[in-house]
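Have a look at the structure that comes next, please.
Every number here is computed from the coordinates shown, using simple stated rules; none is lab data. These figures come from a predicted structure and were not determined experimentally. Cβ placement follows ideal geometry from the backbone for every residue including glycine, while neighbour counts extend to all protein chains displayed.
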Amino acid sequence: MQLWQEGHRAQLTKFRWNSQNQLIGVQTPGGQQWDYRYDAFGRRTEKVCEQSGERTTYLWDGDMPAEIREYRHNRLHCIRHLVFDGWQLLAQQVQFFTPDPENRGELLAGKIQTQYAVCAPTGEPLALFDEAGHRVWRQPPHSLYGLRLGVLGENPALNPGLQFAGQWLDEESGLVYNRHRYFSPVASCYLTPDPLGLLGGKNPYAYVSNSTGWIDPLGLTPCSASGIKDWAVDEYGTLRGLVKGKNLGLDAHHAGQKAIMKNLVKNYDPNTGPAILVPKSGHTISRGDLGVVSRSTKNSRTGEKFTNARELVARDIRELKRVYPEIPNKVLKDLIDMNKRMYPEVRFKCVDKVIK
């Protein structure tokens, strides 16, 4: 893959990928060759440039780096420890190392500096403050999708390197490492397709549709930055209240379908009926070839109207799994269990088999 940038002095950047769809090399317009290495879980553990003598290593805690070390010409330059609350940075500790002027073979360890982060709902660090409450770093201005606009900002050495949640900026390429994929702030899209292929949506390279309210920490599935998660299971009224008027791209969806359940279950209340939060795409907006979840009042197996709630809930579970193949089985089980608890007179034995 190549990136050609036109202008008075045209620039060409080359990218190399391995058989696992991982970016393993970048050649910059200046001729520098960067090599990237990953562990068995696909997490990037090292990036190296022999021409500049730079090397960065990553120590991971789950899906987030816990320690980052930077080397210059085989000498330790910086150690950065990071503390997160979910996807948001809480604090970082930075220690810089400099050559001893009296003994160039030795390094002098600088004071450990602790900074506390203020972050946007999207996980993007906006500023860092020292222990006395003084601001020591501020995020430079950038576009809605993370493209830096202009200068590096104050104290760039303290920049934790985070963009949006789960995104780490590579200065050498301008790309953002997003755990399973690389994102281009210039193009506002990923460089490789969604591992789900066309099942991931009409555009398998797309980032989130609303970068101020949604995040994609793993480079796999968009989710709400508000802390409200898709696939949440609760009463319809509760879920509806969480998302109504907030432009989160989520809908509360009844399972079983309220228009039919009210005729099959005694004292059925749509407001307290079992429901699940799902993306609008697939619910009220067509999800490519997958369409939307069925709202038919007829049983496709008999061609007649549904006569019992058991078959209706089974149909709704199948539809959720068809339109949203990435939905966890545990979530569907929770949805079935909630129906069982609320409507004990209905037998759901066959529904359990749908998701096994």
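Out of TYR190, GLY153, LEU76, whose Cα points farthest toward the positive end of the dipole of region 2-199 (charges: +1 Lys, Arg; -1 Asp, Glu; placed on Cβ)?
Farthest towards the positive pole: TYR190.
Next up: Could you sort the peptides 39-52, 233-246 by per-residue average Cβ neighbour count (10 Å cutoff), highest mean leading?
So the peptides 39-52, 233-246, ranked by packing, come out 233-246, 39-52.
Is there a pair in LYS266/LYS305; LYS246/LYS298; LYS305/LYS340; LYS202/LYS246; LYS202/LYS340; LYS202/LYS262 whose C-alpha atoms are over 27 Å apart, and which pairs would that be?
Check vs 27 Å cut-off fails for LYS246/LYS298; LYS202/LYS340; LYS202/LYS262.
Run down the aspartates and glutamates and flag those whose C-alpha is under 17 Å from the C-alpha of LYS321, throwing out any fewer than 8 positions away in its chain.
Answer for LYS321, where 17 Å is the Cα cut-off: ASP230, ASP251, ASP289, GLU311, ASP334, ASP337, ASP352, listed by chain and number.
Here is a follow-up. For n ≥ 4 DSSP H runs only, could you compute -39500 (n - 2.57) per run for the chain, divide by its residues and tell me the 222 nm figure to the nearest 500?
Roughly -4000 deg cm²/dmol at 222 nm, from the helical runs in the chain.
Okay, moving on. Students often check this: by mean Cβ neighbours within 10 Å, which of 328-338, 172-182, 286-296 ranks highest, and how do the rest follow?
Ranked from most to least packed, the peptides come out as 172-182, 328-338, 286-296.
For GLU6, GLU124, what ranking results if the residue with the fewest other Cβ atoms within 10 Å of its Cβ goes first?
With the sparsest Cβ surroundings first, the list reads GLU6, GLU124.
If you restrict to DSSP beta bridges whose two residues both lie in the chain, what percentage is antiparallel, to the nearest 5?
So the antiparallel bridges in the chain amount to around 100 percent.
Going by average Cβ neighbours within 10 Å, how do the peptides 252-259, 140-147 rank, with the highest at the top?
The packing order, highest mean first, is 252-259, 140-147.
Could I ask something else about it? Enter the Cα centre distance for the pair region 166-215 and region 3-34, rounded to the nearest angstrom.
So the two Cα centres are separated by 17 Å.
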